[in-house]
Every structure is written in structure tokens, then in C-alpha cells.
Amino acid sequence: MSRLQEISLDTVHVRKKKKNKDTWVIIGFIAPAFIIYGVYVIYSIFMTFYYSTFDWTGIDANMVFVGLDNYIQLFQDDVFWTSIQNNFLLVIASLLTQLPVGLIMALLLFSPIKGMRLFRSVYFMPFLMSTVAIGILFIFIYEGNYGLLNAILEGIGLESLQTAWIGKESTAIWAVIATVCWQFAPFYMILFRATMVGIPEELYEAADIDGASGWQRFKSITLPLLKPIIITSAILSVIGSLKYFDLIYVMTGGGPNNSTELMATYMYKQTFTNFNMGYGSSISFSMFIIAFIVTVFILLGDRSTRGNG
Amino acid sequence: MFNKKICWFMLILILLVVAGCGPSDSTNTEGTADDATGETDKENSSENAESDGDQTTLTLWHIETGPSKESIEEAVERFEKNNPNVSVDVSQQENDPYKSQLSVAMGGGNPPDVFHSWGGGWLKQFVDSDQVMNITDSVDESLYNEAALSVSTFDGKVYGAPVSMDVVPVFYNKDIFEEYGLEEPETYNDLLEIVETLTDNDITPFALANQTKWTGSFYLMYLAERIGGPELFNEAFERTGRNFDDTAYVEAGKKVQELVEMGAFPEGVNGMNYDTGQSRQMLYTESAAMMTMGGWLVNNVRDEMPEFEDKLGFFLFPSIEGGDGEKNHVVGGVSPVFSVAQQTEHSELAAELVNELASLETATDMSNNAGSISAVNGVEYEDPYIKEMSEVLESSQAMQTYYDQTLPPELAQVHLDTTQALFGLSMEPEQAMAEVEATAKEVLKE
């Protein structure tokens with residue numbers, strides 16, 4: 001064996017050793033998060049599917065294997081379809097209101113208006129309030145007999161529009177969706193604002209020199225640079241809407257006559273009120289599949305537009 | 001070496017996480033001595049208590065509010081005095097969420113030692129799952145009102161001890177009745193006339209918050225009983241005659257909708273929540289005149305607006321001409337019933353606590369302060385209201401227990417949902433009753 005070979009073997013050995021050590025460090029850093037993720041997400045998803053193949057009350061030891069019967073029953077369940085429809089209504093409403101409103105509020109915060117600091121806190125307030133408090137507050141606002149909203153409508157001469165907002169099947173879901181949007185718009189405002197702060201001032205200066213108008217500056221500088229955060233927000237908003245639960249539970253409990261049921265509230269009702277753990281699990285698992293498919297589509301769409309750009 | 005240190009650090013972190021995630025093990029007597037952070041949760045503190053000598057902790061879940069909550073607390077104090085080594089961790093829960101809270105605790109293997117229920121189908125679900133202890137041997141059955149004890153007795157075994165009972169009358173505002181020259185109705189037609197007079201004067205006849213659903217169910221239960229007689233429900237429930245889609249039920253549904261169309265209930269009843277007090281506010285502000293509600297309304301009034309009590313009168317739901325029911329057949333129920341969880345580690349102490357909670361002393365206390373009828377025999381009523389109520393109960397020839405607590409949960413839910421839909425005028429009575437019957441066929445088959 002020549003000396004040269006010996007040296008190169010040596011370096012390979014050293015490199016290998018170093019690589020080994022790196023792997024361990026990497027594993028060491030990843031493992032804690034991965035274990036938590038594994039137990040609470042991956043394992044839970046598999047267990048949900050496992051439970052969904054049983055007819056089981058959730059409180060006793062008597063589990064009857066029924067295969068995919070729960071899913072067959074689910075697809076024939078009108079309330080489940082109503083809840084999917086409501087979930088998608090919420091998704092669309094969230095995308096169409098929360099993001100634009102968040103963006104407008106974020107832009108307003110940059111405008112040179114006196115007292116903007118105050119408005120920054122005011123705009124952010126809804127997101128800081130506890131959801132249950134918001135729910136109860138809006139129950140009273142929407143109240144049909146002495147509610148604030150009806151009083152305002154009366155005050156501006158629109159008595160004809162007065163109704164019992166969350167007591168009527170036709171208006172209940174919209175009333176709750178409006179509340180959800182009110183609560184979450186400030187969250188996106190903060191995300192957008194944080195990104196806008198990071199946009200270099202030079203770009204705007206250059207635009208000024210070129211004589212760009214305010215709208216042109218927004219269209220050609222702010223918006224393109226906000227695009228990644230808009231996509232992230234859209235994903236957050238869609239996923240959040242698909243698994244939404246809180247305000248529905250507090251404000252309507254899924255009623256009247258199941259008209260505001262979402263997948264999550266229906267799952268809760270089946271699992272914990274009706275003691276159908278198996279059936280509830282099949283709803284949960286369907287929720288997971290739907291959210292998963294939607295996310296994949298968004299990500300694919302994002303990649304293709306990026307590819308084109 | 002630096003990297004090695006990091007590895008060790010990570011390893012320790014992982015171990016901590018794993019240890020934290022593991023199931024809580026009450027035989028673990030290592031003594032969590034380094035819990036100096038003050039963040040000891042309930043579980044930890046009870047573990048500590050057990051390992052620190054012979055101190056035992058029992059957990060008790062109840063849903064009482066106001067004066068009856070105090071009665072429970074006093075009972076617990078008496079129990080602790082008699083058992084100096086035992087402390088009771090009392091946890092008050094909110095009415096509606098309580099139901100799911102308990103099933104989660106039961107299913108998760110960490111239930112309270114002693115818990116509240118209403119007896120009936122809901123408690124039976126847990127009994128069938130072998131989650132409730134048979135306390136026949138420790139309970140003195142002769143102490144209790146027979147009808148009250150029956151809601152927690154299954155196959156001759158006692159699974160819970162009752163404290164109070166309630167009947168559901170129609171409460172009304174005496175001042176408003178006087179103002180419009182109205183009198184307590186004898187027949188259903190009288191009631192309809194009252195409704196008409198009140199709506200003509202812009203007063204909502206019945207305050208009702210029906211997002212909670214069981215509140216509206218009272219009207220359906222009464223109307224069905226008044227039309228179909230006291231055996232109607234039992235026949236349908238035991239599958240021995242008429243069913244849930246019987247004409248009497250359909251007729252009752254029609255009468256509910258008739259009332260809704262007359263404007264007998266507030267706008268948007270299905271969006272109003274009893275627990276946040278929306279119906280009671282209407283009563284207190286005198287924008288509504290009547291309310292069909294359990295006797296616990298008196299407890300609510302004393303807690304929320306004591307001066308209103310002077311105006312509060314009650315009558316029994318009137319009979320319907322040509323119907324099989326009678327005015328003195330009441331809808332009622334038993335609450336609270338206290339039971340012991342099968343999984344408890346201190347079964348004897350827990351049973352003793354149940355006996356203290358359902359003692360003559362607690363029942364007397366609760367009757368006189370909170371306005372409920374005692375389920376324990378021999379209580380001397382001081383409160384004129386309760387005296388009157390208990391006389392009503394004693395003179396009644398039949399008692400109908402609440403459907404939603406008597407029926408198995410799944411069927412109860414369908415009953416509640418369809419009744420809510422009836423109030424919302426979004427379902428025909430025939431269809432609503434057919435749905436209940438379809439579920440009944442499925443759930444009640446033996």
C-alpha cells in the first residue's frame with residue numbers, strides 16, 4: 001500500500017467519524033420535537049382510524065369491529081353533509097374577508113394618520129379576547145328581542161332587516177361566520193404588518209423617483225413582496241376553518257336544527273353527547289383526509305405559480 | 001467534548017418529555033419533592049397527599065350553583081369533620097359541558113370519586129359500561145322517596161343516592177297577570193286566551209331560551225301527556241303499545257307550532273341560551289310574563305334578582321279538553337343524584353361521602369335555601385314555596401321524568417333536536433316524530 005493511499009484512507013475515516021457524530025447531533029436536536037409530534041399527531045391519526053372501525057361508546061371495554069360501516073353510515077348522514085357544506089362556507093368566507101380586511105388594516109397602520117398607535121391596539125383587540133367571551137358577547141348582540149344589532153338597524157330605519165340572527169336557521173351560520181371573521185382578521189393584520197416592516201425603504205424611494213403613484217407602489221412593490229406571507233396566511237386560514245370549533249360551540253351549539261353544525265362540532269356531539277366514539281372517530285378521520293387533500297392542492301398550486309414566475 | 005454534552009442534554013430532555021407524557025401512576029410514591037414551582041396540578045397534589053402519611057383525597061364533581069352549592073359545601077365540611085384524614089376536592093362544573101366532561105374523564109380512566117347525575121338513561125349508560133359502583137349495601141333505601149330513588153335503581157341495584165327533586169310548573173309574573181285581569185288557567189283554552197291577551201299588549205307570553213333544547217322539551221312533554229295521558233311515554237319507551245310517532249305526539253308537535261305562530265315565544269328562541277340567562281332576563285325585565293321551568297328557577301331568582309320573588313307565582317300546566325292527561329300530572333325529575341365511580345380507590349369513603357351528600361341534613365338545607373323538593377323523607381319545610389311545591393308533588397297522580405334524561409343519550413339527542421326544529425318551524429310534526437321513532441327502533445331494540 002502506498003503512502004498516498006494510506007493518507008486518503010485516513011481522511012475518509014476521519015470524515016466518516018465526523019459524519020457519524022453530526023448525525024447523532026442532528027438526531028438529538030430533532031428527536032424531542034419528533035417524539036411529541038409522533039405521539040400527538042402521527043400516532044393519534046392512526047388510532048383515530050383504528051377506533052373508527054369499531055362500534056364503541058368510548059367509555060366501556062366492549063368494542064365491536066364493524067369495518068368501514070361507520071364510513072358508509074357517514075356518507076348517508078345528512079347532518080354530516082350539512083357540516084361539510086358549512087365548513088366550506090367558512091373557508092370561503094374566511095379567505096374572502098379575513099385576508100383582505102387584514103391587509104387593509106395593515107396598510108392603514110402605515111398611513112400617516114395621527115393616533116395610529118391607538119388604532120393598532122384597537123384593531124388587534126378582537127384577537128386578544130377570549131373566544132368564549134366573544135361568543136357570549138355576540139349572542140347578546142345578535143339577540144332577537146333586545147339585541148344591539150337589531151337596535152342599530154332600528155336606529156337607522158332598517159326595521160325590515162331585523163331578525164333573530166342566531167335563532168333562525170337561514171341566518172345563524174352567517175352570523176357566526178361574521179363573528180369568526182371579526183375575531184381572526186387582526187391575526188392576519190399582524191402577519192402582514194410584520195412583513196411590510198421588512199420591505200426595504202429603498203424600493204419605495206426608487207419608486208418615488210420614478211414617479212410612481214400610491215396604487216402603483218402597492219401593486220408593484222408591496223403586494224409581490226407580500227405574496228409568500230399571503231400564501232401562508234391562506235393555508236392557515238383554510239386549515240383553521242376546516243377544523244373550526246369554538247365559536248360554534250359557544251354561540252349555537254350546532255343548532256338550530258343542526259344548521260350551523262361543523263365537522264368538528266358534529267364529531268364532538270357524536271363522540272361525547274351521543275356516546276358514539278367509533279362514529280365520532282370516523283368523522284375526525286374524514287376531517288383529516290379533507291384537510292390533507294386541500295393542503296396538498298394549495299401547495300401544488302403554489303409550486304406551479306412559482307414555477308411559472 | 002462539547003458535542004457530547006449536547007447529546008447528553010438532549011437525552012435528558014427526551015427522558016423528561018417521555019416521563020411527562022407517561023400515564024399518571026398513583027402507586028408512584030417517589031414523592032414529587034421538586035414540585036416547588038407551585039404548579040402542582042390536581043392530580044399531583046392528590047398523589048402528594050396520599051404519600052404524605054394517611055391523608056386521603058376524594059374528588060367530587062357537582063353542578064350546583066348559588067344556595068344549593070353552599071349546601072353541598074357544608075355537607076362536604078361535615079364529612080371532613082367526621083373523617084379528619086380525608087380531604088375532599090370539590091369541583092363545580094357548568095351544567096351542559098359537564099356531561100361531556102364526565103364521559104371524557106370516565107373513558108380516560110381518571111374519573112372523580114363521587115359525581116353528580118340525574119339518574120335515568122344517562123346514568124344507565126355508565127352503569128352498563130361498568131363505570132358506576134353498586135352502592136346498594138351502603139345506602140339506606142328507606143331514607144328516600146321511592147320515586148326519586150327509582151331513577152338510579154337498575155335491576156334492583158342502587159347506583160346513586162338522590163338529594164332533591166323538582167317539578168316543572170308554569171311560573172308567572174303576578175303583577176302582569178293582575179294588570180291585564182288574567183287568572184291562572186284551568187284549561188288549555190284558558191291558556192291560549194292568556195297568550196292572546198299578552199301578545200295584544202306587546203308582552204311575550206312565555207320566556208324561553210331554546211338553544212339549550214331541554215327548555216323547549218318541557219312544552220312538548222306536557223302537551224303530549226295532556227293529550228295522550230300518563231302512559232304514553234312509558235308505552236313508547238318500553239315498546240309496549242303506542243310509539244313515538246303516535247298521533248298524540250304529532251298533535252303535541254302541532255300545538256307547539258300553533259303556539260309559536262301565535263307569538264307565544266320570543267323572537268329567535270332557538271338562538272337564546274338558558275345558561276347565560278337570556279330567558280330569565282326577559283322575565284326579570286317584565287317583557288315576558290310566564291315561563292315553564294323546573295323549581296330551580298326559584299334558586300336562580302334568589303341568586304340573581306331576589307326582589308323578583310314577590311311577583312313570582314306558579315300554576316300547573318292546564319289540561320286539554322278531550323285529552324287523556326290531567327292537570328295534576330307533573331313533569332319532574334331528580335337532581336342531584338350522587339354516585340361513586342367504579343374506578344375509585346377509596347370505595348368505602350366515597351360511599352360514605354355519598355351518604356353525607358344525600359343526608360337528611362343536606363336535603364333540608366337545600367330545600368329551605370335553594371327551593372327544591374327533598375328526595376329524602378322527613379324534611380320539615382320552612383320555605384312556603386317549597387311547601388307548596390312538595391304538596392303539588394305529593395298530590396300529583398303521575399310524574400313524568402324528563403325525556404332527555406330518561407332516554408338513552410342518542411335517542412334523547414334526536415328528541416331534543418327535532419323539538420328544537422319544531423320550535424323553529426323548520427320541520428313538520430309528522431316528520432319530527434317519525435325521526436324520533438326511527439331512532440327509537442334502532443336504539444331501544446333489546
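Number of residues in region B:296-354 that are at pLDDT below 90 and among the basic types (K, R): the value is 2.
Of all residues in region A:49-62 being of a type in the set (S, T, Y) and under 23 Å from B:P111 (Cβ atoms), which is surrounded by the most Cβ atoms within 10 Å (Cβ to Cβ)? Break it down stepwise before answering.
Step one: filter region A:49-62 for residues of a type in the set (S, T, Y), giving A:50-53, A:57.
Checking which are under 23 Å from B:P111 (Cβ atoms) leaves us with A:51, A:57.
Numbers: A:Y51: 21, A:T57: 24.
Of everything passing the filter in region A:49-62, A:T57 is surrounded by the most Cβ atoms within 10 Å (Cβ to Cβ).
Restricting attention to region B:387-410 and to residues that are in a helix (DSSP H, G or I) and buried (at least 24 other Cβ atoms within 10 Å of the Cβ), the residue that is nearest to the other protein chains (Cβ to nearest Cβ) turns out to be B:Y403. Summed over region A:122-151, the residues that are out of contact with any Leu (no Cβ under 9 Å at 6 or more places or on another chain), away from every other protein chain (no Cβ under 14 Å) and without any contact (Cβ under 8 Å) to a residue 60 or more places away in the chain give a count of 3.
If a residue counts only when it is farther than 30 Å from B:E410 by Cα, in the same structural domain as A:L137 (by TED's automatic domain parsing) and not hydrophobic (A, V, I, L, M, F, W, C), which helices (runs of 4 or more DSSP H) contained entirely in region A:47-126 have at least 2 such residues?
Numbers: elements: A:69-75, A:78-93, A:99-110.
Of the helices (runs of 4 or more DSSP H) lying wholly inside region A:47-126, those with at least 2 residues that are farther than 30 Å from B:E410 by Cα, in the same structural domain as A:L137 (by TED's automatic domain parsing) and not hydrophobic (A, V, I, L, M, F, W, C) span A:99-110.
Of all the residues in region A:19-64, those that are in contact (Cβ under 8 Å) with a residue 40 or more places away in the chain, more than 7 Å from chain B (Cβ to nearest Cβ) and of a type in the set (S, T, N, Q) number 3. Here A:Q98 passes the criteria (1) within 14 Å of another protein chain (Cβ to nearest Cβ); (2) of a type in the set (S, T, N, Q); (3) under 20 Å from the mean Cα position of the chain (by Cα) except the one numbered (1).
Of all residue pairs spaced 6 or more apart or on separate chains, those with beta-carbon atoms under 8 Å, a first member in region B:166-186 that is touching a residue at least 60 places away in the same chain (Cβ under 8 Å) and a second member that is among the polar types (S, T, N, Q) and outside any loop (DSSP other than H, G, I, E, B) are B:V168/B:T292; B:P169/B:T292; B:V170/B:T292; B:F171/B:T292; B:E186/B:S319. Scanning region B:316-326 for residues that are in contact (Cβ under 8 Å) with a residue 40 or more places away in the chain and surrounded by fewer than 18 Cβ atoms within 10 Å (Cβ to Cβ) turns up B:E321, B:D324, B:E326.
Within region B:358-367, can one find any residue that is in a loop (DSSP other than H, G, I, E, B) and assigned by TED's automatic domain parsing to the domain that holds B:E74?
Looking only at region B:358-367, we keep the residues that are in a loop (DSSP other than H, G, I, E, B), and these are B:358-359.
Filter once more, keeping what is assigned by TED's automatic domain parsing to the domain that holds B:E74: B:358-359.
Yes: one or more hits.
Residues that are away from chain B (no Cβ under 14 Å) and in contact (Cβ under 8 Å) with a residue 60 or more places away in the chain number at least 1 in the following helices (runs of 4 or more DSSP H) confined to region A:193-309: A:223-242, A:263-268, A:277-308.
The values are calculated or read from the model by the stated rules, or taken from the named source; none is laboratory data. It should be emphasised that the depicted structure is a prediction, and the values quoted were computed from it without experimental measurement. Note that each Cβ is placed from the backbone with ideal geometry, even for glycine, and that neighbours are counted across all protein chains shown.
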